[in-house]
Amino acid sequence: MGLLKLLAVGDISLQTRNNQHPFEKVKQVLAGRDILFGNMETALSDQGEEAQKAVLIYSSPKRIGFLKDVGFDIVNIANNHIMDLRVEGFNETLKTLNESNLAFIGANNKPEPSWVILERGGVKLGFLGYMEGGFSLPERGVWINNIEQAGIIRDIESIKPMCDFVVISLHWGFENVFYPSPKQIDLAHELIDAGATVILGHHPHVIQGIESYKHGLIAYSLGNFQFDPKLSRTKENNTIMLCLNFSKEGLKSYNITPIVIDHNLTPTVAKETGEEILNFVDRISEPIKNDAITWAWWLEQVAGEYLLGNFRSYIARIKKYGVRHFIQCIRWLISPFCIRCYVAIIRRRFKRFLIES
C-alpha cells in the first residue's frame, strides 16, 4: 500500500488583481496529492451587513469555482473573517460550500460536530478546526469552534476511533510575528499527546517554525498562500506548501515547497529565492526545537509588532466608526498584556544599549 499525501497550504482570500485565476501558476503542484487542505480566509457572500473592522474580506460565492478547479478537498473556516458579513454572509458561505460539496471544518450553522473524515487508499484522516475567540450564537444559528484545550481533547477522543490520524487546524497567535508563544507550544504538545498527529497553524500571515514532536508534526503557521500581503501589512510575500506523507502505520515524512506570492496575489513556486525560504524556515524552527522560547524572550520578539499592528487597526476603526472604538482602544492600551509589551520593549532596548556600549 502506498503513501497518502496530504498537501496543506495557508491563508486564501480568493481575491486577485487583473481577474487572474488565484491558483493558475501552481495547478500542477496542487494536483500531486491525495488530499488538498487550505485555510479559507474569506466569507463567500455578496450580501449581509459589514462588520465594524479595519479589514474586511469577502468574495463572490462564484469564486468557490477556483477552489474546486484545482481540487481542494477541505478548508478551515474557523477564522476572524468568516463573520465579516455577519450572520447572513456566514449562512451563505456554508450554503455555498455545501452545494459545491467542498468539505469544511471549524464552524457550522447547526449544533453538530464539525469534524470531517476523509479516506484515501485505505488511510482515514480526521480533520478538526478551531480559532481563538470562537463563539456560539444558538439563537442565530452560528457555532464557531473555540480554541479551548479540554474541548479539543474531547473532540480528539471522539473522532479518534473513527479514523487513523487526526489533523487539527488552529487559527491562533499574533499577526506578522515569526514565533509561537510558549502557550501555543504547550497547547500543541498537549494535543499531540492526546492523540492528534498534525497541527496546522494559521492567522499570523507569515511563516512560523515547524516542529517534529513525538509521533506528530506541528506547523505553527503556514503563512499566506493566496492572499494580499498588504491586507495584513506583511513585509514579505514568501510562503510554503507543506506535504505530509502518511502510511497506515503513521506519519512517515514531510517536505516543504517554497512559494512566492506575485503582484497579482497568485502563488508560484519560488525558484531564485527557494533555498533562502527553506533556510529561513530552518532558522525560525531552531528556537522551538531547542526549547529556547521563554515568555520573556518571546515578548521581546513580538511586542513591537503586536502593539503597532493593533494600534493601526484601532486608528482605522476609529476613523471609520467613531467614539466606541476609541474607548476600546484606550482600554486596550492599558490592558495587562500591553503593559507587559511596553516592559519587554524597554528591556530589549536596554539590552541593546548595553551591547553597543
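The values are calculated or read from the model by the stated rules, or taken from the named source; none is laboratory data. Keep in mind that this is a model prediction, so the values were computed, not measured. Cβ coordinates were reconstructed from backbone atoms using ideal geometry, including for glycine residues, and neighbour counts include every protein chain displayed. Please note that ligands, DNA and RNA were not included when accessible areas were found on the heavy atoms of the full protein model with its side chains. Shrake-Rupley method; radii C 1.70, N 1.55, O 1.52, S 1.80 Å.
Most fluctuating residue of Ile77, Ile210, Ile339 in a GNM of the chain with Cα springs under 10 Å: which is it?
In this elastic network of the chain, the residue with the biggest mean-square fluctuation among Ile77, Ile210, Ile339 is Ile339.
How much net charge surrounds Ala78 when only the other residues with a Cβ under 11 Å from the Cβ of Ala78 are counted, with Lys and Arg +1 and Asp and Glu -1?
Charge balance in the 11 Å sphere: -2.
Is the shape of segment 32-158 rounded, prolate or oblate, going by the alpha carbon gyration tensor and its root eigenvalues a ≥ b ≥ c, with a/c under 1.5 for rounded and a/b larger than b/c for prolate?
oblate
What span do the alpha-carbon atoms of segment 167-272 cover on each of the three principal axes, reported in whole Å from largest to smallest?
Computed over segment 167-272, the largest-to-smallest principal extents equal 41, 29, 18 Å.
Rank Val9, Val116, Val343 by accessible area, highest first, at a 1.4 Å probe radius?
The ordering from most to least exposed comes out as Val343, Val116, Val9.
Quick one: which residues, 5 or more positions from Ile74 or on another chain, have an amide H under 5 Å from its amide H? H modelled 1.01 Å from N in the peptide plane, none for Pro or chain starts.
Long-range HN contacts for Ile74: Leu36, Gly38.
Among the listed pairs Lys5/Lys110; Lys248/Lys289; Lys183/Lys214; Lys214/Lys248; Lys124/Lys252; Lys25/Lys95, which have their C-alpha atoms separated by more than 22 angstrom in this model?
Among Lys5/Lys110; Lys248/Lys289; Lys183/Lys214; Lys214/Lys248; Lys124/Lys252; Lys25/Lys95, the Cα-Cα distance tops 22 Å for Lys5/Lys110; Lys248/Lys289; Lys25/Lys95.
Rounded to whole Hz and in sequence order, give me ³J(HN,Hα) for segment 166-171 from the Karplus expression 6.51 cos²θ - 1.76 cosθ + 1.60, θ = phi - 60°, writing x for Gly and Pro.
Once θ is set to phi - 60°, the couplings for segment 166-171 become 10, 10, 10, 9, 10, 9 Hz.
For the chain, what is one quarter of the convex hull surface built on the Cα atoms, given in nm²?
18.9
For every other residue with a beta carbon closer than 12 angstrom to the beta carbon of Ile192, add +1 if it is Lys or Arg and -1 if Asp or Glu, then tell me the sum.
Result for the local shell: -3.
With a 1.4 Å probe and every protein chain kept in, tell me what percent of the accessible surface of the chain is carbon plus sulfur.
52
What figure, in Å² to the nearest 10, do you get for the accessible area of Glu119 with a 1.4 Å probe and non-protein molecules left out?
Roll a 1.4 Å probe over it and Glu119 shows about 100 Å².
If Lys and Arg each add +1 and Asp and Glu each add -1, what is the summed charge of the other residues whose beta carbon sits under 9 Å from the beta carbon of Trp143?
Overall, the nearby charge balance is 0.
Springs between alpha-carbon atoms under 10 Å, Gaussian network over the chain: tell me which of Leu102, Leu265, Leu200 tops the mean-square fluctuations.
Of the options given, Leu102 has the highest mean-square fluctuation.
Three principal axis extents, largest first, for the C-alpha atoms of segment 80-223, in Å?
Between the extreme Cα coordinates on each principal axis of segment 80-223 lie 41, 39, 27 Å.
Place a +1 charge on the Cβ of each Lys and Arg in segment 258-313 and a -1 charge on the Cβ of each Asp and Glu, then give the dipole magnitude about the Cα centre in debye, rounded to the nearest 20.
180
Sort Met241, Met83 by accessible area with a 1.4 Å probe, largest first.
Order by accessible area, largest first: Met83, Met241.
Anyone know which of Arg86, Arg17, Arg63 comes out most mobile in the 10 Å Cα GNM of the chain?
Ranking Arg86, Arg17, Arg63 by mean-square fluctuation puts Arg17 first.
Per residue, how large is the accessible surface of the chain? Use a 1.4 angstrom probe and give square angstrom.
Normalised by residue count, the accessible surface of the chain is 45 Å².
How much accessible area does Lys53 have with a 1.4 Å probe, in Å² rounded to the nearest 10?
50
From the phi angles alone, apply the Karplus equation (6.51, -1.76, 1.60; θ = phi - 60°) to segment 43-50 and give each ³J(HN,Hα) in whole Hz, x where the residue is Gly or Pro.
7, 9, 6, 10, 9, x, 7, 5
Provide the per-residue ³J(HN,Hα) series for segment 177-192, in order, calculated from phi with Karplus coefficients 6.51, -1.76, 1.60 and θ = phi - 60°, each as a whole number of Hz, with x at glycine and proline positions.
In residue order, the calculated couplings are 10, 9, 10, x, 6, x, 5, 5, 4, 4, 5, 4, 5, 4, 6, 5 Hz.
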